[in-house]
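Engineer: Structure provided below as structure tokens; questions to follow.
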Amino acid sequence: MSSVGASRSLGRLIDWRIWLFVLLAGFVLVTVIYPIFQVAIRSFLVDGRFDLANYERVLLQPRNYVAVWNSLWVSVIATVLATVIGVVSAFLVQRTDLPAKNLFRLLLILPFAIPPLFAAMGWVQLAGPVGLLSQAWKAAFGTVTVPWNIYSPGGIIFVLAVTNYPLVFITVSGALQRMDPSLEEAARISGVGAGRIMRDITLPLVRPAILGGALLAFVSSIDNFGIPAVLGLRANFYVLTTRIYEALVVPNMPLATAMSMLLVLVAVIAMFGFRAVEGQREQYAVIAGKSVMPNVVRLNRARPWLVAGLALAVIVIVVLPLLALIIASLLRYWGADLTLANTTLAHYTAVLNAPAAQRGIVNSLALATGAATILVVVTALISYLNIKERMRGAGLLDVVGLIPFALPGSVIGVGMILAWSNPPVGPTLYGTIWVLLLAYIMRYMAFGLQATRTTLQQIHGSLEEAALTCGASRLRTIKDVTFPLLRPGMVAGWVLIFISAFNELTVSVLIWTSGSETIGVWIFLMQDSGFTGRASALAVLTLPVILIMFLMAQALARLEERRAQAAGTKS
Amino acid sequence: MPPAVAVTGLGKRFGSVRAADDVTFTIARQEFFSLLGPSGCGKTTTLRCVAGLESADEGAIRIGEHVVFDAACRIDVPPNRRGIGMVFQSYAVWPHMSVADNIAYPLKVQGVARSVIRERVTEVLAILGMTGLGERRPSQLSGGQQQRVALGRALALNPTVLLLDEPLSNLDAKLREQMRAELKQIQRQAGLPILYVTHDQSEALAMSDRMAVMNEGRIHQLAPPEEVYRRPATRFVLDFIGTVNYLPCRIVGTDGTRVCLDLDGAAVLTIPRPPYIPEGDRALLAVRPEDLVLGRAGGPVEAEVALAATVTLRSFLGASFEFRLAWNGTEVRVVADKGSGIADGDTVALGVREGLLLEPDALSRPDARAS
């Protein structure tokens with residue numbers, strides 16, 4: 001069956017769809033292809049000629065190998081930890097008779113919405129040299145030192161793990177929820193116990209989801225800047241993202257470019273590695289589309305222990321760092337005793353009166369809103385041409401638009417500087433806020449494409465054909481049928497892009513300039529220069545925005561689930 | 001007065017597959033016309049070409065007085081300007097609109113006044129037996145009710161022709177029969193011509209005034225249902241509609257009213273002369289299960305000559321019995337009203353009331369002549 005708009009006569013071939021496609025292709029060319037091209041080409045150029053000297057310099061410096069190696073091993077261990085936390089919590093929430101499941105689920109997903117920088121800062125307040133936990137430990141054991149050091153690779157690994165496990169939790173929960181329960185029931189009828197079913201049937205079946213979530217956690221770890229910056233710079237422990245940041249502070253553009261290519265290489269190798277482990281992913285098609293009543297394991301005597309354990313973990317991982325952040329924002333100076341006399345609102349007034357911080361708030365809100373709105377509109381149009389008009393070119397745009405998702409943020413940052421410092425045509429955007437907007441658009445295009453494509457795929461072609469046979473023109477059909485049905489997907493994509501852009505740091509810290517600060521950049525700079533109180537105060541001020549968006553995203557997901565269920569019973 | 005729909009020489013390719021090949025038919029005013037065939041036979045492609053959702057490669061389509069498609073003249077009117085109503089297999093009721101909004105939509109698009117729309121929606125809801133359900137959401141409706149909404153939406157604008165694409169295939173058996181009768185009644189009431197696509201032969205036989213049986217993009221037979229059943233044009237039609245037993249035979253002799261057959265030396269029987277007699281003496285005798293008669297072994301049978309066969313499986317169907325018999329190495333299926341006295345393993349007498357004759361190699365040729 002062809003789509004709504006099978007091409008009719010030669011005269012109409014050159015219609016609005018062609019023009020729209022040309023516009024969209026231009027957009028993708030400028031925002032995605034051009035910066036990638038710049039990074040790839042410039043790393044091979046020395047004074048305008050092809051030369052491998054940049055790579056030579058990168059590879060001859062032991063500091064750079066070390067950064068590559070550090071990025072790798074830190075990310076691998078953090079991913080393993082995140083996967084364990086994510087899988088265990090997903091099983092407990094989805095497949096046991098745990099009480100207050102919805103609350104647990106909500107709290108377990110929450111770190112996904114909190115910027116990793118905040119987590120790093122929170123953990124410094126908690127477990128740093130004068131942190132709350134450190135002080136409690138010292139008081140309890142009467143020692144002057146603690147047996148840990150948050151400014152260390154171990155600290156980075158720990159904070160990366162507790163920041164990234166929600167990616168595993170979300171994918172595995174989804175797979176567990178959609179798995180056909182008859183597969184487990186068949187085992188139960190064969191006389192297999194519930195625990196054994198988990199091990200022999202359920203776990204192997206959700207293996208692809210576990211590996212998929214782990215891959216996301218790995219890429220996110222490799223990509224992260226905030227955590228290794230806050231916890232590693234002080235210990236002189238560098239990973240690739242912080243090395244690139246340093247190379248740009250100097251600034252050494254060719255070096256940063258060549259290192260960006262190394263970072264891409266690491267990410268690509270990692271992805272192929274996961275593919276190899278994953279094997280034939282399509283081996284089982286057991287994850288049905290609709291939600292079903294899952295097989296629940298009774299925890300019995302272990303229940304109170306597991307509940308207490310999970311609650312403690314959630315408090316330590318999710319609640320304490322935020323609490324520490326709030327306390328730090330209220331304390332007169334860092335490390336002060338927790339007394340009422342030591343509390344102050346001075347940091348808040350200082351932050352709210354600092355022009356740079358004010359600009360940061362306005363910029364971040366404007367950038368997140370702008371990027372989300374532009375992307376949702378553009379990607380909806382690309383997905384429409386791709387899915388509904390079956391335009392091959394639009395399918396290509398979809399593929400190209402997904403590439404930046406696999407690119408570490410530092411690479412996008414370097415690409416932006418190269419692309420917009422002295423572009424062959426057009427204005428020099430580097431140094432203005434527009435380069436940040438372009439960076440966010442590039443970085444989060446995949447989110448918009450994903451949301452709109454999947455929603456459009458679910459809109460059965462006959463719904464639109466019905467409008468045509470009812471006398472509605474193609475454009476009217478889009479307005480009355482396609483768009484209203486696509487809207488929930490667009491809203492979900494908007495919220496996801498907004499949260500991500502609002503929390504962005506890895507790219508922003510490379511390309512911000514005076515006047516185009518973002519909240520994240522400003523908080524990082526304050527924290528980095530020792531103004532912990534002010535950094536925390538601004539972080540706390542952004543929390544309501546983040547929480548509102550997070551709750552909205554959750555509510556939307558619920559709504560979507562219910563709609564899918566209703567649709568599932570119909571056709 | 002021109003026919004409601006006239007399709008001439010319609011051809012449509014998908015890659016190397018000929019989905020429709022020289023499809024020609026007309027639908028008279030108030031006629032219920034069906035396209036019947038297995039999936040992939042081209043019936044849905046033909047319907048979608050008439051709707052304008054698909055563009056044919058060859059041929060022409062007229063709806064009422066208007067040429068809506070002509071490959072030679074490069075005319076292709078888009079679906080929204082063909083004045084048709086269509087019901088989809090998946091119903092395609094819009095989930096974001098209420099029942100009333102769904103039905104009102106075609107009128108709204110035409111810019112009909114609001115008061116008129118309200119009146120017409122009430123009227124259509126009454127025809128559908130859904131009065132008072134206008135404010136419901138489609139997700140609150142049963143499959144049968146959604147089906148009705150889809151029908152109501154297609155009827156709202158009094159279309160020139162109503163196109164139905166397997167509209168009953170998603171309903172359960174009981175509801176399907178009920179909707180069959182209702183659909184026929186609504187059509188009569190509205191005096192609408194209908195183009196109905198189905199793979200369900202009983203639906204097509206029960207509802208159609210005329211029907212076209214299609215296979216591999218081509219129409220094998222175009223006739224009223226009874227004729228299609230009694231005098232199938234080709235081996236494919238004979239096979240597709242109902243059940244058939246094929247018995248190889250030799251034609252011994254014919255006269256004006258009868259034909260005498262030798263069933264491979266096992267028996268000689270005489271049946272009423274079928275409409276087509278192949279040349280040469282070898283042939284295939286095709287007999288429907290209800291045209292075979294059973295009797296006790298050695299006892300009298302209605303038909304002239306009785307063959308001795310063994311019962312391999314007796315199935316009770318409620319109103320009748322079905323027997324599978326072994327005769328001369330061939331499996332033969334018989335349907336009989338009575339069969340209480342017969343058990344598996346019994347030897348019975350088998351008589352042939354009437355049958356059709358085909359070329360001896362007809363089994364491998366779907367388009368072999370059957371009558």
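The values are calculated or read from the model by the stated rules, or taken from the named source; none is laboratory data. Everything numeric here is computed off the predicted structure, so don't read it as measured data. Virtual Cβ from ideal backbone geometry, glycine too; neighbours counted across all protein chains shown. Remember, those area values only see protein heavy atoms, side chains included, never the ligands or the DNA or RNA. Shrake-Rupley method; radii C 1.70, N 1.55, O 1.52, S 1.80 Å.
Engineer: If we only count helices (runs of 4 or more DSSP H) wholly inside region A:464-514, which ones have 2 or more residues that are within 13 Å of chain B (Cβ to nearest Cβ)?
Structural biologist: Here the list reads A:474-477, A:483-503.
Engineer: Going through region B:148-166 one residue at a time, which ones are within 21 Å of B:K108 (Cα to Cα), more than 10 Å from chain A (Cβ to nearest Cβ) and not aliphatic (A, V, I, L, M)?
Structural biologist: B:R148, B:G152, B:N158, B:T160
Engineer: May I pose another question? Looking at A:R392, is it touching a Gly at 6+ places or on another chain (Cβ under 7 Å) and either within 14 Å of chain B (Cβ to nearest Cβ) or open to solvent by 10 Å² or more (accessible area, probe 1.4 Å) (or both)?
Structural biologist: So A:R392 does not fit the description; no.
Engineer: Can I ask one more? Scanning region B:96-118 for residues that are within 11 Å of another protein chain (Cβ to nearest Cβ) and out of contact with any helix residue (DSSP H, G or I) (no Cβ under 8 Å at 6 or more places or on another chain), which turns out most open to solvent (accessible area, probe 1.4 Å)?
Structural biologist: So, considering only residues that are within 11 Å of another protein chain (Cβ to nearest Cβ) and out of contact with any helix residue (DSSP H, G or I) (no Cβ under 8 Å at 6 or more places or on another chain), the one most open to solvent (accessible area, probe 1.4 Å) is B:Q110.
Engineer: Is one or more of the residues making up region A:176-192 open to solvent by 20 Å² or more (accessible area, probe 1.4 Å), in contact (Cβ under 8 Å) with a residue 12 or more places away in the chain, among the charged types (D, E, K, R) and not in a helix (DSSP H, G or I)?
Structural biologist: Looking for residues that are open to solvent by 20 Å² or more (accessible area, probe 1.4 Å), in contact (Cβ under 8 Å) with a residue 12 or more places away in the chain, among the charged types (D, E, K, R) and not in a helix (DSSP H, G or I), one finds at least one in region A:176-192, hence yes.
Engineer: Right, next: If you check A:I497 against the conditions, is it open to solvent by less than 10 Å² (accessible area, probe 1.4 Å), in contact (Cβ under 8 Å) with a residue 40 or more places away in the chain and not charged (D, E, K, R)?
Structural biologist: For A:I497, the condition - open to solvent by less than 10 Å² (accessible area, probe 1.4 Å), in contact (Cβ under 8 Å) with a residue 40 or more places away in the chain and not charged (D, E, K, R) - is met.
Engineer: Being over 29 Å from the mean Cα position of the chain (by Cα), open to solvent by 70 Å² or more (accessible area, probe 1.4 Å) and of a type outside the set (K, R) is the filter here; which residues of region A:314-338 pass it?
Structural biologist: A:Y333, A:W334, A:D337, A:L338
Engineer: Right, something else. Please enumerate the residues belonging to region B:141-157 that are more than 28 Å from A:L475 (Cβ to Cβ) and assigned to a loop (DSSP other than H, G, I, E, B).
Structural biologist: Correct list: B:L141, B:S142.
Engineer: Given the options A:V58, A:V66, A:V88, name the one that is touching a residue at least 40 places away in the same chain (Cβ under 8 Å) and within 28 Å of the chain's Cα centre (by Cα).
Structural biologist: A:V66 is the lone residue from the list that is touching a residue at least 40 places away in the same chain (Cβ under 8 Å) and within 28 Å of the chain's Cα centre (by Cα).
Listed here are the residues, each with its yes/no results for (1) open to solvent by 40 Å² or more (accessible area, probe 1.4 Å); (2) modelled with pLDDT under 95; (3) over 16 Å from B:D165 (Cβ atoms).
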| residue | (1), (2), (3) |
| --- | --- |
| B:P2 | no, yes, yes |
| B:V17 | yes, yes, yes |
| B:Q30 | yes, yes, yes |
| B:S39 | yes, yes, no |
| B:C49 | no, no, no |
| B:E54 | no, yes, no |
| B:A60 | no, no, yes |
| B:G64 | no, yes, yes |
| B:F69 | no, no, yes |
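Residue by residue, here is whether (1) crowded, with 18+ Cβ neighbours inside 10 Å; (2) among the charged types (D, E, K, R); (3) in contact with a Leu (Cβ under 6 Å, 6 or more places away or on another chain) holds:
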site	(1), (2), (3)
B:Q221	yes, no, no
B:E227	no, yes, no
B:R231	no, yes, no
B:T243	no, no, no
B:G253	no, no, no
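Engineer: Looking only at region A:437-463, filter to residues that are of a type in the set (V, I, T) and open to solvent by less than 30 Å² (accessible area, probe 1.4 Å); which one of those is farthest from the other protein chains (Cβ to nearest Cβ)?
Structural biologist: By that ranking, first place goes to A:I441.
Engineer: Can you tell me how many residues in region A:416-436 are within 18 Å of A:A371 (Cα to Cα) and either open to solvent by less than 10 Å² (accessible area, probe 1.4 Å) or outside any loop (DSSP other than H, G, I, E, B) (or both)?
Structural biologist: 7
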